Structures are given as structure tokens and as C-alpha cells.
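> Before I ask anything, let me first share the structure, which is written out below as C-alpha cells.
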Amino acid sequence: MLAVLRRPTLARVTATGLLAISAVGLPGSSAPAAADPLPAYTVVPGTVLHPLPPTIVLPVHGYRLTGRFGDRSSLWTSVHTGLDFAAGSGTPIHSVAAGRVVSTGYDGRYGNKTVLRLADGTELWFCHQSRIDVEVGEQVRPGEVIGAIGSTGNVTGPHLHLEVRPGGGDPVDPFAWLRQRGARP
């Protein structure tokens with residue numbers, strides 16, 4: 001019997017990193033055949049299928065969102081420009097996407113900060129770190145540990161402040177940016 005991987009499933013594989021095989025319309029399958037089947041990919045029996053690596057991941061595990069893009073507070077001189085992931089000090093921070101580290105170090109109110117530039121020029125700022133584990137020029141993959149949650153700069157407690165800056169310019173809403181790419185903060 002052949003397994004068929006349909007295009008919509010392949011798109012979900014790319015977005016989520018999960019692998020699913022559709023058996024719709026195959027002999028012995030209880031699923032009905034589609035009236036107008038989409039072009040499909042044939043998988044040879046015995047072939048080992050591996051999930052595709054995710055292209056976008058969340059930067060922190062076991063977090064609580066405490067500050068959102070556009071929030072107002074006495075802590076900021078204007079509206080909040082990022083998304084805050086609160087977690088215990090020392091919790092690993094993961095690279096959200098593949099990119100090159102273009103800056104690391106202390107940056108005033110942002111504290112210890114790592115800037116990652118993606119292939120399309122978008123910059124991701126990872127702020128308030130207790131530890132920076134990457135160096136300028138280093139290429140990182142999605143999910144790679146790049147530092148640790150901390151309380152450096154203008155903070156009330158340990159968290160990661162994530163900013164997304166297309167083309168290195170003005171910040172955009174990280175929550176919406178992540179969701180548009182399949183991550184669910």
C-alpha cells in the first residue's frame with residue numbers, strides 16, 4: 001500500500017514541524033476519496049519520513065506573557081515596543097528563527113541584548129538577559145539556545161523582552177508576527 005502526502009498537509013508540516021500522512025482514498029482506508037483530489041506526493045513503502053525542522057519557534061518554554069506591544073505603563077516613556085515572556089531567572093532563551101547575530105552586549109534600558117538579523121533583514125531583539133551565549137557573526141538555527149532570562153536594564157522582574165523590527169526599523173507587534181508564522185504565544 002502507498003501512503004499519500006497531500007499538499008495542504010505538506011504546508012502544515014512546514015509551518016508546524018509535524019509530519020502527518022493522509023490515507024484518504026487509499027485501498028483499505030475507511031476515509032472517503034476526495035471528489036477532486038489534489039496533486040499528491042507518493043511515498044515509497046519502507047521510506048523513512050522525518051519531520052521538517054520548524055522555521056519559527058517560541059523563544060521561551062514555561063513562560064507567562066506580562067507585557068504586550070502597545071501597552072502603556074509608567075515604566076516606559078512611550079508605548080511598549082515588544083512582547084514580554086516572564087520566566088525564572090536563568091531559563092534558556094531560544095532563537096526564534098534562523099539568522100545571524102549582529103550585536104550583543106549591554107544596552108541601557110534593554111539590559112543585556114542580542115540582536116539577530118534574519119535573511120529578509122528583520123531584526124529580532126532579545127533583551128534583559130542574565131547571560132548571552134552567542135557571539136557577533138554567529139549563525140543560529142531556530143530553537144538554538146542563545147542566552148538566559150534575566151533582570152538587566154529597566155525591569156521589574158526576570159523576563160525576556162522580544163522586539164521584531166522589519167528591516168531593522170520601527171518595531172512591530174511580536175505577538176502578531178509570531179502567529180502569522182505559525183507560532184502560538
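> Which residues, taken from segment 130-170, are assigned to a strand (DSSP E or B) and out of contact with any His (no Cβ under 8 Å at 6 or more places or on another chain)?
Across segment 130-170, the qualifying residues are Arg131, Ile132, Gln139, Val140, Gly147, Ala148, Leu162, Glu163, Val164, Arg165.
> Another question, then. So the check is Cβ under 6 Å with 6+ separation or different chains; which pairs have a first residue in segment 113-136 that's without any contact (Cβ under 8 Å) to a residue 40 or more places away in the chain and a second one that's among the acidic types (Asp, Glu) and surrounded by 19 or more Cβ atoms within 10 Å (Cβ to Cβ)?
Matching pairs, first to second residue: Val115/Glu123.
Listed here are the residues, each with its yes/no results for (1) touching a Leu at 6+ places or on another chain (Cβ under 9 Å); (2) of a type in the set (Ser, Thr, Tyr); (3) more than 20 Å from Asp107 (Cα to Cα).
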residue	(1), (2), (3)
Ala119	no, no, yes
Leu124	yes, no, no
Gln129	yes, no, no
Glu138	no, no, no
Glu144	no, no, yes
Gly168	no, no, no
Asp173	yes, no, yes
Gln180	no, no, yes
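> For Asp84, which of the numbered conditions (1) closer than 21 Å to Thr156 by Cβ; (2) part of a loop (DSSP other than H, G, I, E, B) fails to hold?
Against the list (1) closer than 21 Å to Thr156 by Cβ; (2) part of a loop (DSSP other than H, G, I, E, B), Asp84 comes up short only on (2).
> Have a look at Pro142, Pro158, Pro185, Pro174 and point out the one that is under 14 Å from the mean Cα position of the chain (by Cα), assigned by TED's automatic domain parsing to the domain that holds Arg68 and closer than 21 Å to Ala86 by Cβ.
Pro174
> Could you tell me whether any residue of segment 107-117 is surrounded by fewer than 19 Cβ atoms within 10 Å (Cβ to Cβ) and hydrophobic (A, V, I, L, M, F, W, C)?
Checking segment 107-117: not a single residue is surrounded by fewer than 19 Cβ atoms within 10 Å (Cβ to Cβ) and hydrophobic (A, V, I, L, M, F, W, C).
> Something else about it: Asp120 is checked against (1) surrounded by fewer than 21 Cβ atoms within 10 Å (Cβ to Cβ); (2) touching a strand residue (DSSP E or B) at 6+ places or on another chain (Cβ under 7 Å); (3) acidic (Asp, Glu) and fails just one. What number does that condition carry?
Failing condition for Asp120: (2).
> Shifting gears a bit: Quick one: in segment 93-106, of everything that is surrounded by fewer than 17 Cβ atoms within 10 Å (Cβ to Cβ) and touching a strand residue (DSSP E or B) at 6+ places or on another chain (Cβ under 6 Å), which residue is nearest to Ile56 (Cα to Cα)?
Applying the filter and picking the extreme gives Arg100.
> Sort out which residues of segment 96-120 are assigned to a loop (DSSP other than H, G, I, E, B) and either under 16 Å from the mean Cα position of the chain (by Cα) or not assigned by TED's automatic domain parsing to the domain that holds Val155 (or both), and write them in order of number.
Val96, Ala97, Ala98, Leu118, Ala119, Asp120
The values are calculated or read from the model by the stated rules, or taken from the named source; none is laboratory data. Computed from a predicted model, the values in this text were never measured in an experiment. Every residue, glycine among them, receives a Cβ derived from its backbone with ideal geometry; neighbour counts consider all protein chains shown.
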